[in-house]
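Single-structure report; data block below.
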Amino acid sequence: MRLILVGPPGAGKGTQAVHLAAHYAIPHISTGDIFRANIKGGTELGKLAQSYTDKGELVPDSVTNEMVKDRLKQDDVKNGFLLDGYPRNTFQAEVLRAILAEKESPLDAVLELSLDDSVIVERLSGRRTCKDCQTSFHILFEKPAVDGKCDKCGGELYQRTDDSVEVIQNRLSVYAEQTKPIINFYREEGLLITIPAEGDVSEITDRAIGALSAAV
Ligand code: AMP
């Protein structure tokens, strides 16, 4: 399965990606996670990326596309992959199409998680993320068993710099202006599947798997 997960920030892409990647036994490739790992590690890429991620702006295409191209050369993508957070504009979508055409391994589907803007701000501003394993919690809707600690690995939970209300608003405009056009791009390619991203995590995963088995 070669799959893209698309949707506004806060639609639960990261959470669903973990479940779907496990279900289809494919690697979960999140460009946001790769940038955050580089920022944490203090690499040159991390230093460059941070100036954009902190503001909710997109990291330049040249940097992001090269990073994804390299990632897609690794052996573990032979049986497929789940891309989360990439592509984020039509240029990236075109570059990805070219990368995959060269490998003769076209996409199977693009799954869109759709969600209202009002719900997004509420979800993102209460989100807390594990510093170590990136699992997300919510201060109201998905509390960790112990305050400030990750249920999975015991790591410390923090609020992503880009989950502050001002940055969220910017990420939403960036999504509307730059990322939304890829929805049409993939609709025209006949690859788009849209599901509502409301309800329990497991309910949404079942909905996604159901929609994907019907379509692919
Ligand atoms: P995410 O975790 O997917 O919300 O990504 C966090 C931040 O990383 C975004 O707000 C961007 O600054 C950057 N980023 C992630 N994916 C991309 C991408 N495909 N293109 C450009 N910037 C990206």
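Loop-only GluC sites (Glu not before Pro) in region 79-165, please: DSSP not H, G, I, E or B, and at most 13 other Cβ atoms within 10 Å.
Answer by residue number: 104.
Between residue 63 and residue 99, what is the label-point separation in nm under the 7 Å Cα-to-beta-carbon projection?
For the pair residue 99/residue 63, the computed spacing is 1.6 nm.
Please give the contour-minus-distance gain from residue 216 to residue 138: 0.36 nm per residue of separation, less the Cα-Cα distance, rounded to one decimal in nm.
Taking residue 216 through residue 138 to full extension adds about 24.8 nm, to one decimal.
May I ask you to list the chymotrypsin sites (Phe, Trp or Tyr not before Pro) in region 62-155 that are in a DSSP loop and have at most 15 other Cβ atoms within 10 Å of their Cβ?
Values: sites: 81, 91, 137, 141; in loops: 141.
Sites meeting the loop and neighbour criteria: 141.
Rounded to the nearest 500 deg cm²/dmol, what is the calculated helix-only ellipticity per residue at 222 nm for the chain, with -39500 (n - 2.57) per DSSP H run of length n ≥ 4?
On the way: 9 runs with 99 residues, N = 216.
Value at 222 nm, helices only, nearest 500: -14000 deg cm²/dmol.
Go ahead and run the numbers for FRET between residue 73 and residue 44, Cβ-Cβ distance against an R0 of 30 Å, rounding to 0.05. Could the numbers behind the result be given before it?
Values: r = 20 Å, r/R0 = 0.67.
Efficiency at R0 = 30 Å is approximately 0.90.
Which pairs in the list 13/47; 13/69; 55/78 are over 30 Å apart, alpha-carbon to alpha-carbon?
55/78, as the Cα separations exceed 30 Å there.
Where the eigenvalues come from the Cα gyration tensor of the chain, what are the semi-axes √(5λ) of the equivalent ellipsoid, largest first, in whole Å?
For the chain, the semi-axes come out at 25, 21, 18 Å.
Return the loop-located trypsin sites (Lys or Arg not before Pro) in region 19-81 (DSSP other than H, G, I, E, B) with at most 15 other Cβ atoms within 10 Å of their own Cβ; answer none if there are none.
On the way: sites: 36, 40, 47, 55, 69, 71, 73, 78; in loops: 55, 73, 78.
Filter output for region 19-81: 55, 73, 78.
May I ask you to derive the relative contact order of the chain, considering only C-alpha pairs under 8 Å and at least 6 residues apart, and to give it as an integer percent?
29
Multiply the residue separation of residue 158 and residue 170 by 0.36 nm, subtract the distance between their alpha-carbon atoms, and state the gained length in nm to one decimal.
Computed gain between residue 158 and residue 170 is 2.3 nm.
All of the numbers you see were taken from the coordinates with simple rules; none came from a lab. The structure displayed is predicted, hence computed values, not measured ones. Cβ atoms come from the backbone with ideal geometry, glycine included; neighbour counts cover every protein chain shown.
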